[in-house]
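The values are calculated or read from the model by the stated rules, or taken from the named source; none is laboratory data. Just so it is clear, the model here is predicted, and its values are computed rather than measured. Ideal geometry is used to build each Cβ from the backbone, glycine not excepted, and the neighbour counts take in all protein chains shown.
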Amino acid sequence: MSASAVFILDVKGKPLISRNYKGDVAMSKIEHFMPLLVQREEEGALAPLLSHGQVHFLWIKHSNLYLVATTSKNANASLVYSFLYKTIEVFCEYFKELEEESIRDNFVIVYELLDELMDFGFPQTTDSKILQEYITQQSNKLETGKSRVPPTVTNAVSWRSEGIKYKKDEVFIDVIESVNLLVNANGSVLLSEIVGTIKLKVFLSGMPELRLGLNDRVLFELTGRSKNKSVELEDVKFHQCVRLSRFDNDRTISFIPPDGDFELMSYRLSTQVKPLIWIESVIEKFSHSRVEIMVKAKGQFKKQSVANGVEISVPVPSDADSPRFKTSVGSAKYVPERNVVIWSIKSFPGGKEYLMRAHFGLPSVEKEEVEGRPPIGVKFEIPYFTVSGIQVRYMKIIEKSGYQALPWVRYITQSGDYQLRTS
Amino acid sequence: MPYLGSEDVVKELKKALCNPHIQADRLRYRNVIQRVIRYMTQGLDMSGVFMEMVKASATVDIVQKKLVYLYMCTYAPLKPDLALLAINTLCKDCSDPNPMVRGLALRSMCSLRMPGVQEYIQQPILNGLRDKASYVRRVAVLGCAKMHNLHGDSEVDGALVNELYSLLRDQDPIVVVNCLRSLEEILKQEGGVVINKPIAHHLLNRMSKLDQWGQAEVLNFLLRYQPRSEEELFDILNLLDSFLKSSSPGVVMGATKLFLILAKMFPHVQTDVLVRVKGPLLAACSSESRELCFVALCHVRQILHSLPGHFSSHYKKFFCSYSEPHYIKLQKVEVLCELVNDENVQQVLEELRGYCTDVSADFAQAAIFAIGGIARTYTDQCVQILTELLGLRQEHITTVVVQTFRDLVWLCPQCTEAVCQALPGCEENIQDSEGKQALIWLLGVHGERIPNAPYVLEDFVENVKSETFPAVKMELLTALLRLFLSRPAECQDMLGRLLYYCIERPVNSWASDFNTLVPVYGKAHWATISKCQGAERCDPELPKTSSFAASGPLIPEENKERVQELPDSGALMLVPNRQLTADYFEKTWLSLKVAHQQVLPWRGEFHPDTLQMALQVVNIQTIAMSRAGSRPWKAYLSAQDDTGCLFLTELLLEPGNSEMQISVKQNEARTETLNSFISVLETVIGTIEEIKS
């Protein structure tokens, strides 16, 4: 790992915050960063890793900020990027929005956090829940001498403090599946995958021991149950709290959860499924006069389910004008700053088919630069439904005080990167 | 905030920090300190208040302490003598009952980075290593490495190293990992920390307790451990298998590397290992973070280099999405190019072909080169696609396609026929040096199969003078010579011309221009001036009327009459065909003073030829003239009346100016003829202006 220093720069490359961890790279080297970035961008050779002589800059951009780590060693790249993302995550939990303004307003806390996040170029405590216990936002509150080390800093379970108490012990489980789809201009599906996550919202007292049961195919095979209603999960990833050895042995997902919100696990399914919302489009461009767009959307899911908040964005040329729409359902709106027409349908039942027509004028003088061919994008949400058919069979909660806790489960399928190319 | 010089700010802050009223009010005191830090961050030199800040460190307010210590770490190298004063407070804080304060003080003290601090920090570090709070132990462990760095690679303290090795058994996971990091730094000279069997097994057992950073770090250290037996190897692989499923990409990559390295020693498990790491790598390639995705793609490429086809069945994962940044798209194209096989070649090529017409020229070119790469194996399909691309007649596409062809016929001679058929017509869409070179090379080497090859080359020979790239000329010479050998009849003449051009132009061609106007004007500029001169020289031979007739459509009838009347209108009588040489003109021009200067309105573009023609009509000769459209535009004119009085004129159009500046010189000072001459000139220019509008 070993980052030598971490910088937070504004859009122009001026350092807002800098923290020198190791002292083996001169802090003034950061002045080379912006010119280098601009130069590479002009050459069309921009990459997340830039180097100037012996110094390597690993950078990411977040809103109007650049986070840059410098190193002169052959560092582990993915670890440095992960650390920078973690830093953003921690800052976001403190300031809600991370941008130049919030950095300027909270620079004392930023320094405090940077001090705890990393020492001598090595990440230390990066869990924001634990950091929040001893670096508080109300910096005006004077805690004279009585500031204590939270037990978690030294705890064996580093992600949960002891002595948490709730009046009502509850767990909310959200099973969310995002559908990523890429369809070629001729209508053939290039890529279709489902990325699932199970998110937990934990309001439990003490140090509870949780066990989650899913209709996992491997588990069903192990226990000799019928495979009918089981799902084959690929590429399963767990939060740190899950005992991986137990999962490997008998596919049991057992853990002591952190307090509050967290992502318990993620999985992937690359089995081909029918695209949930299928789009057929005809975009006819008559140079110098007009563009005519016809879009047909079809819900290819169960009739009982309903997709909510459907938004279909169709690209139009940037010099188009005087829009006219006709839709069989929902409403269409021209968003000139993004060069798209957005067709919104509040509720879209399965099996239904809708139509939109749009008409745009084009200027008689064609503009010089060529435009790309942006794809049609679709956003939607289908509640009470998972594409994979995954189910939470049980959630056992055991705590030594023996309280009864209620688990609540919610299923939702939503669009991820859902794109249909246009010709 | 009003602008203040840094001295004023320092003075003001110094006063505030010393003010006992502010010191008594904790919140105000802290606010002043915050301002100091703010200015420090903005890059103002705040070292002037060092004394006052040291005093401010003696406080119970931990936030204030943090700020002051941050300040000290920044400025200690600048003010080492003053920083020593702070050591006292720091040492005291190192034995504070609050572990947070102890840790903070120790961390700051180790980060002071100034000479002479070592002797003060040694004892606090040793105490820190045995502190009951793990927070302090973490700091102390890394402090050992900092202290070692301060010493500057001096001898290694054996006792300290032993202490650190024993702390590897600490119950706090971060202390354990920090120990490894610290030992690594201290033992750098001796090859880093030694991982023996007990340490390796201890670390393996602690893995699940570590956070993601620790896990990745430990995985990296475990690379040094060589399992003694195959059984042990499999135990390790089984134990670490779950880390391939970690949600942290860093850990996944670390585990992947360990698997690959361990498998290197036992070749027969290698395939199994590669199969196991495939999933995690693919997942990382579609990670939400672009940077991590980029890193993963780079690693996939690395694997593909030695194992082409390893990811072939997953080729669709590497299709580009519209909104992805450039660097990811380029990586994906490279990957696609490497994993092509019989089953997916059709789909991959179809996808790549879509990219070839992308708006971004760089991306389009990368895609074309990728197709060229695939063409080495799947020649026919690729050459067909490339040929179709030529039909788009886009410069940036044609040039790359031709370059791809050049490389291809070299590697796959069987496609020569197809390439030769595709080439005719390309020359119209190539402007850049690389593309021209490729085309000329192809025409030279395979010219006998391309019917119009000599004629395309002839065009290049014709324009060789204006060719700016020496490499293109070289290529042309070689290619033409080659083609001459196979098609002598068609090439002999132009080869002769080209050789003549090449030989006759001495290397130091500038020597002939030395000490002339050329270096003053700049070469290109002079070339245009002298070109006009050449044209001028033949003009007088033409009968006046015929030259006028040629300009008929340019000067309408009514104007013609006016123009023709002009010479009689005044006492001025300009003599026709009074031709001055450029040298003579130059000499005279330089020797005379400007007799008259005037500015006429002038708008927009015009044809210098028209002007020249019109001036010719009234017996004013053009000596030299800039090319049409160049800015500034200049023309030099001369005329002589019947008494032998010379009128030399300069016309000047400045860029962006809508006026024409006229300067006239006369060899005999005669105001009335000068005035008549100017009115003639005015009329002509006015007429041209009218024709234009």
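Which of the residues belonging to segment B:161-183 are assigned to a helix (DSSP H, G or I), within 12 Å of chain A (Cβ to nearest Cβ) and in contact with a Cys (Cβ under 8 Å, 6 or more places away or on another chain)?
B:Ser182, the sole residue that qualifies.
Being without any contact (Cβ under 8 Å) to a residue 24 or more places away in the chain and either within 18 Å of A:Glu177 (Cα to Cα) or within 10 Å of another protein chain (Cβ to nearest Cβ) (or both): is that true of A:Ser245 here?
yes
Of all residues in segment B:60-99, which are out of contact with any Gly (no Cβ under 6 Å at 6 or more places or on another chain), closer than 22 Å to B:Ala24 by Cα and not in a helix (DSSP H, G or I)?
Across segment B:60-99, the qualifying residue is only B:Asp61.
Only one of these conditions is not met by B:Ile87: (1) in contact with an Asp or Glu (Cβ under 9 Å, 6 or more places away or on another chain); (2) away from chain A (no Cβ under 14 Å); (3) not charged (D, E, K, R). Which number is it?
B:Ile87 satisfies all of (1) in contact with an Asp or Glu (Cβ under 9 Å, 6 or more places away or on another chain); (2) away from chain A (no Cβ under 14 Å); (3) not charged (D, E, K, R) except (1).
With the requirement that a residue be surrounded by 13 or more Cβ atoms within 10 Å (Cβ to Cβ) and either in a loop (DSSP other than H, G, I, E, B) or not assigned by the TED database to the domain that holds A:Leu191 (or both), what does segment A:390-416 give you?
A:Ile390, A:Gln391, A:Glu399, A:Tyr403, A:Ala405
Tally time: how many residues in segment B:350-405 are part of a helix (DSSP H, G or I) and either β-branched (Val, Ile, Thr) or touching a strand residue (DSSP E or B) at 6+ places or on another chain (Cβ under 8 Å) (or both)?
Residues meeting the conditions: 15.
Conditions tested, residue by residue: (1) without any contact (Cβ under 8 Å) to a residue 24 or more places away in the chain; (2) buried (at least 22 other Cβ atoms within 10 Å of the Cβ); (3) over 48 Å from the mean Cα position of the chain (by Cα); (4) at positive phi.
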residue	(1), (2), (3), (4)
B:Ser47	no, no, no, no
B:Met53	no, yes, no, no
B:Ser57	no, yes, no, no
B:Tyr69	no, yes, no, no
B:Ser95	no, no, yes, no
B:Pro99	no, no, yes, no
B:Arg102	no, yes, yes, no
B:Ala105	no, yes, no, no
B:Ser111	no, yes, no, no
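Out of B:Asn149, B:Asn220, B:Asn162, B:Asn178, which single residue is free of Cβ contacts under 8 Å to residues at least 60 places away in the same chain, polar (S, T, N, Q) and more than 22 Å from A:Ala75 (Cα to Cα)?
On the way: B:Asn149 fails: more than 22 Å from A:Ala75 (Cα to Cα); B:Asn220 fails: more than 22 Å from A:Ala75 (Cα to Cα); B:Asn178 fails: more than 22 Å from A:Ala75 (Cα to Cα).
After ruling out the rest, the residue left standing is B:Asn162.
Within segment B:406-426, restricting attention to residues that are in a helix (DSSP H, G or I) and closer than 23 Å to B:Glu467 by Cα, which residue is modelled with the lowest pLDDT?
B:Cys426
Could you name every one of the helices (runs of 4 or more DSSP H) located completely within segment B:427-532 that has at least 3 residues being modelled with pLDDT under 85?
So the answer is B:488-504, B:517-521.
Assess whether B:Ser287 counts as being polar (S, T, N, Q) and in a loop (DSSP other than H, G, I, E, B).
yes
Only residues that are over 48 Å from the mean Cα position of the chain (by Cα) and either assigned to a loop (DSSP other than H, G, I, E, B) or modelled with pLDDT of 90 or more (or both): list them for segment B:206-231, please. If you could, list the steps in order and put the result at the bottom.
The first filter runs over segment B:206-231 and keeps only residues over 48 Å from the mean Cα position of the chain (by Cα), leaving B:228-231.
The answer is B:Arg228, B:Ser229.
Under 6 Å by Cβ, and 6 or more places apart or on different chains, what pairs join a residue from segment A:394-405 that is among the β-branched types (Val, Ile, Thr) with one that is loosely packed, with under 15 Cβ neighbours inside 10 Å?
Hits for this filter: A:Ile398/A:Glu209.
Which of (1) within 12 Å of another protein chain (Cβ to nearest Cβ); (2) without any contact (Cβ under 8 Å) to a residue 40 or more places away in the chain; (3) touching a helix residue (DSSP H, G or I) at 6+ places or on another chain (Cβ under 9 Å) is the odd one out, the single condition B:Val359 does not satisfy?
(3)
Within segment A:48-58, which residues are farther than 16 Å from B:Cys298 by Cβ and within 14 Å of chain B (Cβ to nearest Cβ)?
Passing the criteria: only A:Phe57.
Does at least one position in segment A:121-144 carry a residue that is in a strand (DSSP E or B), facing chain B (nearest Cβ under 8 Å) and modelled with pLDDT of 85 or more?
Yes, the conditions are met somewhere in segment A:121-144.
Would you confirm, using the coordinates I've provided, whether A:Glu263 is facing chain B (nearest Cβ under 10 Å), part of a strand (DSSP E or B), out of contact with any Asp or Glu (no Cβ under 8 Å at 6 or more places or on another chain) and more than 19 Å from B:Val251 (Cβ to Cβ)?
Numbers: facing chain B (nearest Cβ under 10 Å): yes; part of a strand (DSSP E or B): yes; out of contact with any Asp or Glu (no Cβ under 8 Å at 6 or more places or on another chain): yes; more than 19 Å from B:Val251 (Cβ to Cβ): no.
So A:Glu263 fails the test.
How many of the residues making up segment A:71-117 are more than 11 Å from chain B (Cβ to nearest Cβ), touching a strand residue (DSSP E or B) at 6+ places or on another chain (Cβ under 8 Å) and not aliphatic (A, V, I, L, M)?
Total meeting the criteria: 5.
Look through B:Val400, B:Val419 and report the one residue that is touching an Asp or Glu at 6+ places or on another chain (Cβ under 9 Å) and either hydrophobic (A, V, I, L, M, F, W, C) or under 19 Å from B:Val359 (Cβ atoms) (or both). Quick ask: steps written out before the conclusion?
Details: B:Val419 fails: touching an Asp or Glu at 6+ places or on another chain (Cβ under 9 Å).
Sole residue among the options that is touching an Asp or Glu at 6+ places or on another chain (Cβ under 9 Å) and either hydrophobic (A, V, I, L, M, F, W, C) or under 19 Å from B:Val359 (Cβ atoms) (or both): B:Val400.
Check B:Lys316 against each of (1) within 12 Å of chain A (Cβ to nearest Cβ); (2) under 30 Å from the mean Cα position of the chain (by Cα) and name the one condition it does not meet.
Going through the list (1) within 12 Å of chain A (Cβ to nearest Cβ); (2) under 30 Å from the mean Cα position of the chain (by Cα), B:Lys316 breaks only (2).
Collect the residues in segment B:180-195 that are surrounded by fewer than 15 Cβ atoms within 10 Å (Cβ to Cβ) and either modelled with pLDDT of 90 or more or small (Gly, Ala, Ser) (or both), keeping them in residue-number order.
Matches in segment B:180-195: B:Gly191 only.
A quick yes/no check of all residues on (1) aliphatic (A, V, I, L, M); (2) surrounded by fewer than 13 Cβ atoms within 10 Å (Cβ to Cβ); (3) over 30 Å from A:Ile173 (Cβ atoms); (4) assigned by the TED database to the domain that holds A:Ser266:
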site: A:Ser318; (1), (2), (3), (4): no, yes, yes, no
site: A:Phe325; (1), (2), (3), (4): no, no, yes, no
site: A:Tyr334; (1), (2), (3), (4): no, no, yes, no
site: A:Ser347; (1), (2), (3), (4): no, yes, no, no
site: A:Glu366; (1), (2), (3), (4): no, yes, yes, no
site: A:Pro374; (1), (2), (3), (4): no, no, yes, no
site: A:Lys379; (1), (2), (3), (4): no, no, no, no
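Need the failing condition index for B:Asp241 against (1) within 14 Å of chain A (Cβ to nearest Cβ); (2) over 27 Å from B:Asp170 (Cα atoms), just the number.
Single failed check for B:Asp241: (2).
Tell me which residues, restricted to segment A:240-257, are over 26 Å from the mean Cα position of the chain (by Cα) and either aliphatic (A, V, I, L, M) or not in a helix (DSSP H, G or I) (or both).
Within segment A:240-257, A:Arg251, A:Thr252 qualify.
Restricting attention to segment B:246-267, which residues are in contact with a helix residue (DSSP H, G or I) (Cβ under 7 Å, 6 or more places away or on another chain), outside any strand (DSSP E or B) and within 9 Å of chain A (Cβ to nearest Cβ)?
Listed by number, the residues that qualify are B:Ser248, B:Pro249, B:Gly250, B:Val251, B:Val252, B:Met253, B:Gly254.
Where residues in segment A:14-47 are away from chain B (no Cβ under 13 Å) and closer than 27 Å to B:Gln331 by Cα, which of them is surrounded by the most Cβ atoms within 10 Å (Cβ to Cβ)?
A:Phe33
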